[in-house]
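**Q** Quick one: the structure is below, and I'll ask about it shortly.
The values are calculated or read from the model by the stated rules, or taken from the named source; none is laboratory data. A quick note: this is a predicted structure, and the numbers were derived from the prediction, not measured. Neighbour counts are summed over all protein chains in view; Cβ atoms, including those assigned to glycine, are modelled from backbone coordinates with ideal geometry. The area values use the complete protein model at the heavy-atom level, side chains included, leaving out ligands, DNA and RNA. Shrake-Rupley method; radii C 1.70, N 1.55, O 1.52, S 1.80 Å.
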Amino acid sequence: MIRLIGYLFGLASVLALIVAGGVAIYLNGMTKDLPNYEVLASYAPPVTTRIHAGNGALMAEYARERRLFLPIQAIPDRVKAAFLSAEDKNFYNHPGVDIYGLGRAILVNLKNFLLSSDQTMDRKIKEAILSFRIEQAYSKDKILELYLNEIFFGLNAYGIAGAALTYFDKSVTELTIAETAYLAALPKGPNNYHPFRREAAAIERRNWVIDRMVENGFVTSEEVAEAKKHPLGVNLRRTGSSLFASDYFSEEVRRQIIERFGDKSLYEGGLSIRTSLDPEMQIQARRALQSALLTYDQRRGFRGPIKQIPVEGDWGVPLADVEMMEGRLSG
C-alpha cells in the first residue's frame, strides 16, 4: 500500500512538472509575441492643430481626432473623481488590475494601442500578462493620464479636454459637476448616451455617476441635489473657421503647413500656429472689397430682374426659392 501511494505521488509529481513545463513553454511563446509596452512611456496621441490670428484669437482647428493632451497635474481633482466614481473608486488603492473596475477599463484601452482586436483565448492571456507588466512599469497617475487622454467620447472627441470643448465648449476647469458626470458616463458607450438621440438614458446615467460621487465622498449631498436639477446642457462647439472673415486666410495657412511639414503634422501633430492676420483689419478689408464690388456693379446699370413672380396665389413659396445675396457686412 505504501509503495502504491509512493508510486502515485511520484506519478502525480511527474505529471505536475510536465504540466508546469508545458505552461511555461506556452507562456514563453505568448510573451515573445507581446508588443513592447514601454512605448507607452513615449506615447504621443494624435492632437488637434490650432491656428491663431495675430492677437491670439482662434481661427481654425484641424484634426483627425479632436484631442488636446493634458498632463495629469492639469486635470482637476473633481474630473478625476467623476471617472473614479464611474469605474473604480479604489483604483489608487488596489495593488493590481481590478478586472471589474477602472483598472480593467484603463488597461483595455491601453492594450488596444498595442494589440489587435481579435477576441481569442490567446489574446485574453496576452492581456493578462500585459496588464501585469503595465501595472509594474507605470504609476497609477501615469496610467490614469494615458486613459483620460486616449478614450473616445463620441462625436469625434478624444480625451477629456477634447470632450469638454466638443460637448460644452468649455475648458476642463470650467466644467460643472453635472457636466463632468455626463462626460464620465460616456466612455462606457457614447452612442448609448447620445445627448440628443438618447437624452433620457444620458441623464439617467449622468445622475448615476453623480450618486456614486457623493457615495465616495467627492461631493456633498447639497451639490448633488443641485446638479441633478440641470438638463444635460450640451452646447456643441462649432467646427471649421472660428474667426469671422478668415476662411480663405486659414485655408492658405493649411496648404502651406501641409507643403512644409506634411499632412500628418497638420492633422495629428498638435501644432500651435500664430499668423499675421489682424481680425479687425480683415473685417475692414472685406467690407471695403464688398463695397467696391457693389459700386462697380451699380455703375453698370440695371440689368433686369433676377426673376419674375406672379402675385396671384401663394407668392411666398417661389420667393423663398430665390437665391439671396450672402456675405454682406453692415456699415
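**Q** Of everything in the stretch 215-261, what is among the basic types (Lys, Arg), free of Cβ contacts under 8 Å to residues at least 24 places away in the same chain and farther than 30 Å from residue 193 by Cα? Give them in sequence order.
**A** 255, 260 - these are the residues of the stretch 215-261 that are among the basic types (Lys, Arg), free of Cβ contacts under 8 Å to residues at least 24 places away in the same chain and farther than 30 Å from residue 193 by Cα.
**Q** Just checking, does the stretch 56-72 include any residue being part of a helix (DSSP H, G or I) and at pLDDT 90 or above?
**A** Looking through the stretch 56-72, at least one residue is part of a helix (DSSP H, G or I) and at pLDDT 90 or above.
Residue by residue, here is whether (1) among the hydroxyl-bearing types (Ser, Thr, Tyr); (2) modelled with pLDDT of 80 or more holds:
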site	(1), (2)
253	no, yes
257	no, yes
263	no, yes
279	no, yes
284	no, yes
287	no, yes
296	yes, yes
304	no, no
309	no, yes
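**Q** May I pose another question? Go through the residues of the stretch 174-185 one by one and say whether even a single one is part of a helix (DSSP H, G or I), modelled with pLDDT under 95 and open to solvent by 20 Å² or more (accessible area, probe 1.4 Å).
**A** no
**Q** Yes or no: residue 78 under 14 Å from residue 265 (Cα atoms) and either outside any helix (DSSP H, G or I) or touching a helix residue (DSSP H, G or I) at 6+ places or on another chain (Cβ under 8 Å) (or both)?
**A** On the way: under 14 Å from residue 265 (Cα atoms): no; either outside any helix (DSSP H, G or I) or touching a helix residue (DSSP H, G or I) at 6+ places or on another chain (Cβ under 8 Å) (or both): yes.
Answer is no for this residue.
**Q** Same structure, new question: Would you check if there is a residue in the stretch 149-165 being open to solvent by 70 Å² or more (accessible area, probe 1.4 Å), modelled with pLDDT of 90 or more, closer than 30 Å to residue 235 by Cα and under 24 Å from the mean Cα position of the chain (by Cα)?
**A** yes
**Q** Oh, and also: Among the residues of the stretch 204-221, which ones are part of a helix (DSSP H, G or I) and either charged (D, E, K, R) or open to solvent by less than 50 Å² (accessible area, probe 1.4 Å) (or both)?
**A** Those that are part of a helix (DSSP H, G or I) and either charged (D, E, K, R) or open to solvent by less than 50 Å² (accessible area, probe 1.4 Å) (or both): 204, 205, 206, 207, 209, 210, 211, 212, 213, 214, 215.
**Q** Hey, another quick one. Can you run down the residue pairs with Cβ atoms below 7 Å, 6 or more apart or on separate chains, where the first is in the stretch 297-325 and touching a residue at least 24 places away in the same chain (Cβ under 8 Å) and the partner is outside any loop (DSSP other than H, G, I, E, B) and exposed (fewer than 10 other Cβ atoms within 10 Å of the Cβ)?
**A** From the stretch 297-325, no pairs qualify.
**Q** On to the next question. When you scan the stretch 149-173, how many residues do you find that are touching a residue at least 40 places away in the same chain (Cβ under 8 Å) and in a helix (DSSP H, G or I)?
**A** Count: 12.
**Q** For residues that are over 20 Å from residue 151 (Cβ atoms) and hydroxyl-bearing (Ser, Thr, Tyr), scanning just the stretch 186-228, find the one that is modelled with the highest pLDDT.
**A** That would be 220.
**Q** Also: Starting from residues that are in contact with a strand residue (DSSP E or B) (Cβ under 8 Å, 6 or more places away or on another chain) and open to solvent by less than 30 Å² (accessible area, probe 1.4 Å), keep the ones in the stretch 34-55 and report whichever is modelled with the lowest pLDDT.
**A** 45
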